[in-house]
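Everything on this sheet refers to the single structure shown next.
The values are calculated or read from the model by the stated rules, or taken from the named source; none is laboratory data. The structure displayed is predicted, hence computed values, not measured ones. Glycine gets a Cβ as well: all are built from the backbone with ideal geometry, and neighbour counts include every protein chain shown.
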Amino acid sequence: MAHVLARLTGVPLSAVKRQLVMDASAHAEQGMHLEHLWTNPDHPGEVLFLFRVDDLDRCKQRMNSVHAAALQADPNATLPEVVYLAEA
């Protein structure tokens, strides 16, 4: 089972939650299923979230495309650091 771990800093948890809710149907269509959402108590302002993904390659392509478009629209856009995880 593949997963994607994302880390955002400097974005309030409420904003992350709101965006995840707004994107939930699009994520599901892409085979991305939110499993966990955390804050880091040692680093205020850091939010981590974990998606289970149906197809890791498809997910990578989609995320790269979405992030590239976001940066083209706003070069200063705050995007998550992403780690793609495949079961060993």
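Name the single residue that is farthest from the chain's Cα centre (by Cα) among those in the range 18-40 being under 23 Å from residue 54 (Cβ atoms) and charged (D, E, K, R).
For the range 18-40, the residue satisfying everything is 29.
Give 81, 87 a once-over and let me know the one that is in contact with a Lys or Arg (Cβ under 6 Å, 6 or more places away or on another chain) and touching a residue at least 60 places away in the same chain (Cβ under 8 Å).
None of the others qualify; the one that does is 81.
Of these, 24, 15, which one is farther than 20 Å from residue 81 by Cβ and of a type in the set (A, V, I, L, M)?
Exactly one of 24, 15 is farther than 20 Å from residue 81 by Cβ and of a type in the set (A, V, I, L, M), namely 24.
For the range 1-23, give me the residue count where each residue is part of a loop (DSSP other than H, G, I, E, B) and touching a Leu at 6+ places or on another chain (Cβ under 6 Å).
Residues meeting the conditions: 0.
Restricting to the range 29-49, and then to whatever is touching an Asp or Glu at 6+ places or on another chain (Cβ under 9 Å) and in a loop (DSSP other than H, G, I, E, B), can you tell me which residue is nearest to residue 67 (Cα to Cα)?
Out of the qualifying residues, it is 30.
Within the range 56-78, is even one residue in contact (Cβ under 8 Å) with a residue 60 or more places away in the chain and either in a loop (DSSP other than H, G, I, E, B) or over 15 Å from residue 16 (Cα atoms) (or both)?
Among the residues of the range 56-78, at least one is in contact (Cβ under 8 Å) with a residue 60 or more places away in the chain and either in a loop (DSSP other than H, G, I, E, B) or over 15 Å from residue 16 (Cα atoms) (or both), which makes the answer yes.
Return yes or no: is residue 83 loosely packed, with under 13 Cβ neighbours inside 10 Å and at pLDDT 95 or above?
Yes, satisfied.
Output the number of the condition that residue 26 fails; it satisfies all remaining conditions of (1) at pLDDT 95 or above; (2) part of a helix (DSSP H, G or I).
Evaluating residue 26 over (1) at pLDDT 95 or above; (2) part of a helix (DSSP H, G or I) leaves (1) as the failure.
Filter the range 37-54 for residues that are surrounded by 11 or more Cβ atoms within 10 Å (Cβ to Cβ) and either closer than 16 Å to residue 15 by Cα or among the basic types (Lys, Arg) (or both) and give the result.
Across the range 37-54, the qualifying residues are 37, 38, 39, 40, 45, 46, 47, 48, 49, 52.
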